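Shown next, in structure tokens, is the structure this report addresses.
The values are calculated or read from the model by the stated rules, or taken from the named source; none is laboratory data. Keep in mind that what you see is a predicted model, and the values were worked out from it rather than measured. Reconstructed Cβ throughout: ideal geometry from the backbone, glycine too, with neighbour counts over all protein chains shown.
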């Protein structure tokens, strides 16, 4: 199957570049579109009532840093600003929502080594898979040890 419109969900970590490379190599068609998304998790969801203070200034700083990092990755892969997406919310919810809004053919997401119940996919990847209305590619992004 040819993929003409791919949404790559990145965590802005070291594996993001590998994930973008894989997704870019899958694009085909006369006018392929690579969209890049990062979801910033709200601090109030992450920490809840555990921290009795206003987290809005910290959340704003995290958003600003994510904006800069997203721009850096997108510039390396020639992704125009109109195809860069930065949202605040839980990734397993926001990724399928943005994919549906954009009518993408494929969501590419990184998958890390896990243990126990999360061994198969991981919670974010599993959540995306169950809510996506399109194909989902889970790319293994943990570094492999050099074979000697």
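Can you pull out the residues in the range 73-99 that are on the phi > 0 side of the Ramachandran plot and surrounded by 12 or more Cβ atoms within 10 Å (Cβ to Cβ)?
Of everything in the range 73-99, just one residue is on the phi > 0 side of the Ramachandran plot and surrounded by 12 or more Cβ atoms within 10 Å (Cβ to Cβ), namely 89.
Looking only at residues that are surrounded by 15 or more Cβ atoms within 10 Å (Cβ to Cβ) and modelled with pLDDT under 90 in the range 43-67, which one is farthest from residue 109 (Cα to Cα)? Going through the qualifying residues, I end up with 59.
Tell me, please, whether a residue that is part of a strand (DSSP E or B), modelled with pLDDT of 90 or more and on the phi < 0 side of the Ramachandran plot can be found in the range 14-27. Yes. For residue 97, the test of being within 21 Å of residue 3 (Cβ to Cβ), assigned to a loop (DSSP other than H, G, I, E, B) and at pLDDT 90 or above is failed. When each of 70, 106, 129 is tested for being surrounded by 14 or more Cβ atoms within 10 Å (Cβ to Cβ), at pLDDT 95 or above and out of contact with any helix residue (DSSP H, G or I) (no Cβ under 8 Å at 6 or more places or on another chain), the lone residue that passes is 70.
Between residues in the range 16-30 that are without any contact (Cβ under 8 Å) to a residue 60 or more places away in the chain and residues that are surrounded by 16 or more Cβ atoms within 10 Å (Cβ to Cβ) and assigned to a helix (DSSP H, G or I), which pairs lie under 9 Å by C-beta distance while being six or more apart or on different chains? As it stands, the answer is 17/73; 20/73; 20/74, since those pairs meet every condition given. Scanning the range 78-93 for residues that are under 15 Å from the mean Cα position of the chain (by Cα) and at pLDDT 95 or above yields 79, 83, 84, 85, 86, 87.
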